[in-house]
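> Sharing a structure with you now.
No value in this document is a laboratory result; all are computed from the given coordinates. Note that this is a predicted model, so its numbers are computed, not measured. No Cβ is skipped: glycine too gets one built from the backbone with ideal geometry, and neighbour counts run over all protein chains shown.
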Amino acid sequence: MTEKFPEILVTGGAGYIGSHTCVALIQAGFMPVIVDNLSNSHPLAISRIEAITGTRPAFYKCDIADDAGLRTVLECHPCVATIHFAGLKAVGRSVSEPLETYRDNVCGSLSLLQTLRSRGINRLIFSSSATVYGGAEHMPIPETASIQPTNPYGHSKAMIEQILQDLVTAAPDMAIGVLRYFNPVGAHISGEIGEDPQGIPDNLFPYVSQVAVGRREKLLVFGDDYDTKDGTGVRDYIHVMDLADGHVAALQRCLDTDGLFAVNLGTGQGSSVLEIIQAFETVSGKPVAYEVVGRRPGDVATSFADPSKASDMLNFKAQRDLTQMCRDAWNWQQRNPTGYANR
Ligand code: NAD
Ligand code: UFG
């Protein structure tokens with residue numbers, strides 16, 4: 001008889017962080033059940049999860065707001081918990097199309113929560129973001145810093161956090177982990193899965209690796225006049241597989257303890273844009289051409305986590321350093337120069 005592993009509903013599991021977390025879940029003895037509408041991902045990611053782990057997770061192309069579709073999934077798969085990644089993450093688009101972001105993130109989450117409640121699934125991990133802290137004044141940023149988002153995407157995350165807090169107050173038998181990610185980067189060490197942005201990347205790491213592979217001419221460095229070590233923006237980059245491990249740790253706590261907790265997932269270390277360029281050049285052996293231009297509206301000078309709560313509460317500490325983040329991002333980029341679409 002085959003052993004039955006606890007099933008975990010993973011919304012947005014075909015996406016960047018979701019696919020890596022599915023690998024970590026399988027390796028930790030859980031069975032992901034992925035629902036994803038594929039609005040920002042490729043179904044090949046599921047086969048790649050299987051290539052890495054030897055296990056093919058169940059996959060359903062389904063929107064989180066599709067109550068009937070989700071109920072059908074949950075009738076086949078009695079999941080013990082949910083990890084909720086599904087949502088829109090493009091900050092710029094959230095400014096130009098706020099209703100789209102609020103509908104997908106807030107209305108989608110509300111609908112999902114109602115479906116989960118009706119099925120008695122009361123353990124949940126939610127993908128939040130350091131963006132909820134806005135322009136925090138003091139570094140490193142602890143979880144007690146004020147919540148003051150500066151764009152519709154950040155507001156949508158803060159709204160969902162509030163909804164989850166109110167839900168736990170009303171239903172103390174629930175267990176919810178709110179994970180505030182800093183800057184997830186890198187890829188699985190195999191190069192099978194990684195970040196596959198559509199169009200021109202908004203974020204630094206995929207842009208740098210596309211310059212190194214020759215797909216883009218040069219990086220635009222958004223400002224070198226910040227009050228930082230070299231004038232460029234400083235961020236807390238965390239390897240996506242460390243982030244994935246953080247989800248497993250948070251899930252294990254949620255399975256054991258009721259109530260809501262919110263933790264930062266970061267390394268506690270800040271790196272500047274120029275340091276990233278240099279680290280990437282060293283690892284790839286390729287030059288990364290760049291030009292310094294004006295600041296990007298809405299950017300803060302510095303953002304890095306106080307990771308001590310995750311360490312104390314979840315026994316979680318990021319293990320992989322900047323060299324490994326660059327090496328794994330570069331390996332993914334080289335093996336998949338145009339992302340999942342090239343195979
Ligand atoms: P992603 O776009 O790669 O993954 C999100 C997945 O959700 C995609 O596969 C998409 O197709 C799916 N999706 C979107 N709306 C859906 C819906 N209504 N129903 C079903 N599926 C839907 O993004 P990611 O980088 O993996 O981010 C995952 C989560 O983490 C998101 O909630 C994001 O806001 C959050 N987050 C990401 C970052 C980051 O820098 N990548 C930082 C902080 C927080
Ligand atoms: N940068 C450039 N050129 C680029 C892209 C970025 O110089 O082409 C700079 C930015 O100015 C910033 C740094 O590189 O100083 C990092 O920028 P990213 O866009 O990679 O990351 P952000 O910190 O701006 O934002 C990201 C996600 C948000 C998330 C936040 C915290 O885009 O959604 O991390 O998790 F909320």
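> Angle between the Cα long axis of helix 322-335 and the longest principal axis of the chain, 0 to 90 degrees, nearest 10?
It is inclined by approximately 80 degrees.
> Would you kindly state how much longer the chain becomes between residue 148 and residue 257 on full extension, computed as 0.36 nm times their sequence separation minus their alpha carbon distance, in nm to one decimal? Provide the component values of the computation, followed by the final result.
On the way: separation 109, 0.36 × 109 = 39.24 nm, distance 2.86 nm.
Working it through step by step, the gained length comes to 36.4 nm.
> What lysines does residue 157 reach when the alpha-carbon gap must be under 26 Å and sequence neighbours fewer than 8 apart in one chain are set aside?
Partners within reach: 61, 89, 309, 317.
> Now for a different question. For the chain, modelled as a Gaussian network with Cα springs under 10 Å, which listed residue fluctuates most, 253, 71, 48?
Its mean-square fluctuation being the largest, the pick is 71.
> Find the Cα radius of gyration of the chain, compare it with 2.2 N^0.38 Å by division, and give the number to two decimals.
Details: Rg = 19.2 Å, N = 343, 2.2 N^0.38 = 20.2 Å.
Scaled against compact globular proteins, the figure is 0.95.
> What's the local net charge at residue 43, with K and R +1, D and E -1, over the other residues with C-beta under 9 Å away? Could you put the intermediate results ahead of the total?
On the way: positive: 61; negative: 36.
Its environment carries a net charge of 0.
> Using only Cα atoms, locate the centre of segment 34-66 and the centre of segment 239-300, then give the distance between them in Å, rounded to an integer.
Taking the Cα centre of segment 239-300 as reference, the centre of segment 34-66 is 23 Å away.
> Compare 237, 226, 133 in a GNM of the chain, Cα atoms joined below 10 Å, and give the one with the largest fluctuation.
Evaluated over the chain, the most mobile residue of the options is 226.
> With viscosity set to 1.306 mPa s at 10 °C, what whole-number translational diffusion coefficient in µm²/s follows for segment 260-343 from Stokes-Einstein and a Kirkwood radius over Cα pairs?
101 µm²/s
> Suppose each label sits 7 Å from its Cα in the direction of the beta carbon; what would the residue 275-residue 227 distance come out to in nanometres?
A separation of 1.9 nm, rounded to one decimal place.
> I've got another one for you. Taking θ = phi - 60°, what integer Hz values does the Karplus form 6.51 cos²θ - 1.76 cosθ + 1.60 yield along segment 241-247, in sequence order, with x for Gly and Pro?
Each residue of segment 241-247 in turn: 6, 5, 4, 4, 4, x, 5 Hz.
> Let me ask something additional. In terms of modelled amide H atoms, which long-range or inter-chain residues lie less than 5 Å from the amide H of residue 122?
none
> Which order, highest average first, do 19-25, 154-160, 143-149 follow once you tally other Cβ atoms within 10 Å for each residue and take the mean per peptide?
Details: 19-25: 28.9, 154-160: 22.7, 143-149: 14.7.
Descending packing order for the listed peptides: 19-25, 154-160, 143-149.
> Okay, next question. For the charge dipole of the chain, defined by +1 on Lys and Arg C-beta atoms and -1 on Asp and Glu C-beta atoms about the Cα centroid, which residue among 193, 112, 282 has the Cα displaced farthest towards the positive pole?
193
> Explain nothing, just compute: Karplus ³J(HN,Hα) = 6.51 cos²θ - 1.76 cosθ + 1.60, θ = phi - 60°, for every residue of segment 93-108 in order, whole Hz, x for Gly and Pro.
5, 5, 7, 7, 10, x, 5, 4, 5, 5, 5, 5, 7, 7, 5, x
> Given labels modelled 7 Å from the Cα in the Cβ direction, how far is it in nm from residue 72 to residue 99?
2.9 nm
> Using the Cβ atoms and a cut-off under 15 Å, what net charge is assigned to the surroundings of residue 244, where Lys and Arg are +1 and Asp and Glu are -1?
Numbers: positive: 48, 317, 320; negative: 192, 195, 242, 245, 328.
Taking every Cβ under 15 Å from that of residue 244, the sum is -2.
> Oh, and also: Can you work out the FRET efficiency for the pair residue 317 and residue 282, with r the C-beta to C-beta distance and R0 = 22 Å, to the nearest 0.05?
For residue 317 and residue 282, the calculated efficiency is 0.35.
> Can you give the charge dipole size of the chain about its Cα centre, rounded to the nearest 20 debye, using +1 on the beta carbon of Lys and Arg and -1 on the beta carbon of Asp and Glu? List each step's numbers first, then the result.
Numbers: 28 positive and 38 negative charges, 132 e Å.
Here the chain has a charge dipole of around 640 debye.
> Moving on to the next point. Suppose we keep just the DSSP beta bridges with both residues in the chain; what percent of those would be antiparallel, to 5?
If we restrict to bridges inside the chain, about 5 percent are antiparallel.
> When the helix-only estimate is applied to the chain (DSSP H runs of n ≥ 4, each -39,500 (n - 2.57), divided by the residue count), what is the mean residue ellipticity at 222 nm, nearest 500 deg cm²/dmol?
-11500 deg cm²/dmol
> Could you please report the charge total around residue 257, scoring K, R as +1 and D, E as -1 over all other residues with beta-carbon less than 13 angstrom from its beta-carbon?
On the way: positive: 123, 253; negative: 173, 256, 258.
Cβ neighbours under 13 Å give a net charge of -1.
> I would also like to ask the following. Report the extension gain between residue 80 and residue 299 in nm, rounded to one decimal, defined as 0.36 nm multiplied by the number of residues separating them, less their alpha carbon distance. Numbers along the way, then the final one.
Values: separation 219, 0.36 × 219 = 78.84 nm, distance 3.89 nm.
Answer, rounded to one decimal: 75.0 nm.
> Report the FRET efficiency, 1/(1 + (r/R0)^6), for residue 202 and residue 107, where r is their Cβ-Cβ distance and R0 is 22 Å, rounded to 0.05.
Working: r = 23 Å, r/R0 = 1.06.
That gives a FRET efficiency of 0.40.
> Principal axes first, then extents: for the Cα atoms of segment 181-258, list largest minus smallest coordinate on each axis, whole Å, largest first.
49, 35, 20
> Taking the Cα atoms only, what angle lies between the long axis of helix 44-53 and the longest principal axis of the chain, rounded to 10 degrees?
For helix 44-53, the angle is close to 80 degrees.
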